[in-house]
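Colleague: Encoded as structure tokens, here's the structure I'll be asking about.
The values are calculated or read from the model by the stated rules, or taken from the named source; none is laboratory data. Since the structure is predicted, the reported quantities are computational estimates derived from the model, not experimental observations. Cβ atoms come from the backbone with ideal geometry, glycine included; neighbour counts cover every protein chain shown. Ligands, DNA and RNA are stripped out before the accessible areas are found, and what is left, the full protein with its side chains, is counted by its heavy atoms. Shrake-Rupley method; radii C 1.70, N 1.55, O 1.52, S 1.80 Å.
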Amino acid sequence: MNPHTHPDLRDCLASQQARLNRALDATPAATGRNQYHPDLSPVDWHYAHCHFIEAVWLDERLPQRPPAIGRDWHDLYLPELSPKWRRGGRLPPRERLRAWGRERQSLHREWLEAPAIREHPLMVGDYLVGFLAQHHAMHLETLEQVRWFARLNGAEPGQAPAAPRPGAPATGDRAPGHPAWIPFPRATHTVGHDGIDAFDNERDPHPTTTGPFEIAARPVSNAEHVAFIEQDGYRRPEFWGPDGRDWLQRTGARGPLGWWRGADGRWWQTRPDGARPLADAAPAMGLSWFAARAHARWAGARLPHEHEWERAARDGRLQGTGQVWEWCANAFFPYPGFRAYPYEGFSMPWFDGEHRVLRGGSEWSDPILCRPSLRNFFTPEKRHVFAGVRLVRDRMA
Ligand SMILES: [Fe+2]
């Protein structure tokens, strides 16, 4: 075996390809081209885009060939050339798409062994294989958001809900009191990551100083966010700031995405997998950054800086990570010495002061995305990114 190959990453790519196949097959052809939300492309587009991106790297960029896969495909599947609202109508029929995807998967696995590909600098340690696997995992999480909107559009809050999943926690599960606070003194520590799976925005590991602070042992629970709502939190301007008040007014939001009260007065939650009574102890999910910040202020706390979060996550005492993405206070920014790769558009356009960082991963994130250094980023009004919040408080030194 070539000493530079990495069987784990190859298995990982193959398993993401298999997940894409399953996601396509689980979506009826009749809805595969639906665009349910301005931010969310149709399921069939995501499927095609993932295979197209493999083809761009393995068929064009690495062998340094001119476009081998048709200009019209670039126009449809490269996000920067393809307005989201036009994507659904331009997709090929489902059967052709599925056949093309399967063909590309076996071709690309073959090409990964070809000398012209293997010798490329981006293939050292199988970096590109891992990059593609993580790329697909991120799109697969977006497909769960598409599924969520398909449900939200189908089931209006207040109507008779679907039966809860067997085994779903009962609404009476009480949240286990207040979370413990984990103290951190002022200290200099390392953040960032330089493993083969590191994205450009995680590099390079470098020292930073945080503290003193204390961080909640677990994310804010549903019961705690219900208390915020029931104490009129979404209507009390003092928690929201001008930008948050503007968002409240524009959207009329009065709770997390998918939350609603049943005819019986109980809180219910529509999730990608269906509607169920809100489980008190589960982490609140469906919050915008504005709502996360308002909840924190109401609770006499604040959002963590992403480096406080990473320090605590590496320390190993945080509970409940990887259930909801956790909004951080700060905007997405480049680390010292940032160098864009494997292409400029991966991180650079989002260092715009608007995107806020999220950490940890959600229930719908593949484990390959749930490392302590991984930085996700969205604009603060987004409620559909499976996000919640973990509180932080300042401490006296
Ligand atoms: Fe992509």
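Colleague: Filter the range 323-369 down to residues that are open to solvent by 20 Å² or more (accessible area, probe 1.4 Å) and closer than 28 Å to residue 8 by Cα, then give me how many there are.
Modeller: So the count comes out to 15.
Colleague: Yes or no: residue 94 touching a Leu at 6+ places or on another chain (Cβ under 9 Å) and either aliphatic (A, V, I, L, M) or in contact (Cβ under 8 Å) with a residue 24 or more places away in the chain (or both)?
Modeller: Considered against the rule, which asks whether it is touching a Leu at 6+ places or on another chain (Cβ under 9 Å) and either aliphatic (A, V, I, L, M) or in contact (Cβ under 8 Å) with a residue 24 or more places away in the chain (or both), residue 94 comes out as yes.
Colleague: State all residues of the range 117-151 that are hydrophobic (A, V, I, L, M, F, W, C) and either open to solvent by 30 Å² or more (accessible area, probe 1.4 Å) or not in a helix (DSSP H, G or I) (or both); if no residue qualifies, say none.
Modeller: Within the range 117-151, 122, 124, 138, 150 qualify.
Colleague: Would you mind finding the one in 25, 75 that is modelled with pLDDT of 90 or more and of a type outside the set (A, V, I, L, M)?
Modeller: Just one listed residue meets the conditions, 25.
Colleague: For the range 372-397, which positions are out of contact with any Leu (no Cβ under 8 Å at 6 or more places or on another chain), over 23 Å from residue 214 (Cβ atoms) and crowded, with 18+ Cβ neighbours inside 10 Å?
Modeller: Once the filter is applied, which keeps residues that are out of contact with any Leu (no Cβ under 8 Å at 6 or more places or on another chain), over 23 Å from residue 214 (Cβ atoms) and crowded, with 18+ Cβ neighbours inside 10 Å, the range 372-397 yields 374, 380, 382, 386.
Colleague: Still on this structure: Give 188, 171 a once-over and let me know the one that is open to solvent by 30 Å² or more (accessible area, probe 1.4 Å), modelled with pLDDT of 95 or more, in contact with a Pro (Cβ under 6 Å, 6 or more places away or on another chain) and outside any helix (DSSP H, G or I).
Modeller: 188
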